[in-house]
Amino acid sequence: MNIISAVYCEAIKIRRSKVFWFSFLLFAAALAMMSFGIEPRNWESFFDRFLALAANMGLVGSFFISSWVFGREFTDKTNKDLVAKPVSRETVVFSKYIIIFIWCIIFMLFIYLFSLMMGLLLGFTGYTPSLIPESLPVFILTFLFYIFLSAPGAFFASISKGILAPIGILFIIAIAANILGNTEAAVYFPWTIPTVFRETGSLIPASIVIMILTGAAGIIGTFAWWRFAEQG
C-alpha cells in the first residue's frame, strides 16, 4: 500500500464519519449567530469581527481535527489493525497528517465562503473592492499557522490513546490564549502568535521560531511515538 492508497483510506473514514459533517454545521451556526450580532451592519465591521472569530475557529477547529483523526483509532480500537496493514507506520502517520491538512483547508474555505454568504443575505452595506484582497491573505495565513500548530494535538491523542486528553489540553490552550492574547507575552505563546499576526500583519523572529519549534515538535513526536511505541 503506497501513500496515495493510505490517504484514500483515511479520506473514506473521514467522509463516513458524522464528526466531519458536524464540524461544518457547528461552526456555520457560530458564524451565523455572530453575523446577526454585528453592529453597525456594514462590511468593514463584519470583516473585523469575522477575522477575530476565524482566528478562534482556526485554533479550536484545527486542533480538534488533528486530535480526532489520530485519537479515533484508539477509541474505535482500530489502532492494532492499522499497524498490521502492509504499510509502514511512518506512512500511516504521514497519510493522517495529509488528511488533516486537507480537512482543515476545506474547513478554512468553508468558513470564508459561508461568511461572505451571510454578509450578502443580511444585506451589509459599504462594500469596497479592496476588502476581500486585504482580508483574504491575512485570513489564509492565520489559519495556516493554526493548522501547523495543531500538530501537537495528534501527538497528545497518540500518547494518551484517545481524544479526551487532547480536548482537555485544547481547553487549557484556549484559556491561556484568551488570558495572554492582550499581553506582551502574546508574541511568545505559540497559540496567540497567529492572532498577533492577524492584528499587526507581521511577526518578530522569536515568534516565528517558537511556532516552527512547536509544530515540528508535534510532528516529530507523533512520528516517533507511532514508530517505537507498542500499540497495545
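Taking first residues from the stretch 103-129 that are in contact (Cβ under 8 Å) with a residue 40 or more places away in the chain and closer than 22 Å to Ser45 by Cβ and partners that are surrounded by fewer than 20 Cβ atoms within 10 Å (Cβ to Cβ) and polar (S, T, N, Q), the Cβ contacts under 7 Å between residues at least 6 apart in sequence or on separate chains come to Phe124/Asn42; Thr125/Asn42; Gly126/Asn42. Scan the stretch 176-196 for residues that are touching a residue at least 24 places away in the same chain (Cβ under 8 Å) and either surrounded by fewer than 20 Cβ atoms within 10 Å (Cβ to Cβ) or under 21 Å from Thr91 (Cβ atoms) (or both) and the total you get is 0.
Screening Met57 against (1) part of a helix (DSSP H, G or I); (2) more than 17 Å from Phe22 (Cα to Cα); (3) of a type outside the set (Phe, Trp, Tyr); (4) in contact with a helix residue (DSSP H, G or I) (Cβ under 9 Å, 6 or more places away or on another chain) leaves a single unmet condition, (2). Only one of the numbered conditions (1) surrounded by 14 or more Cβ atoms within 10 Å (Cβ to Cβ); (2) within 29 Å of Tyr127 (Cα to Cα); (3) out of contact with any helix residue (DSSP H, G or I) (no Cβ under 7 Å at 6 or more places or on another chain) is not met by Ser88, and that is (2). Asn42 meets the conditions (1) surrounded by fewer than 24 Cβ atoms within 10 Å (Cβ to Cβ); (2) in contact (Cβ under 8 Å) with a residue 60 or more places away in the chain; (3) within 21 Å of the chain's Cα centre (by Cα) in every case but one. The failed one is (3). You will find that of Ser135, Ser115, the residue that is of a type in the set (Ser, Thr, Tyr), more than 24 Å from Met211 (Cα to Cα) and assigned to a helix (DSSP H, G or I) is Ser115 and no other.
Read-outs throughout are calculated quantities, based only on the coordinates presented, and are distinct from any laboratory measurement. Bear in mind that the values here come from a model prediction, so they are computed numbers and not experimental data. Positions of Cβ are backbone-derived with ideal geometry, glycine not excepted, and every protein chain shown enters the neighbour counts.
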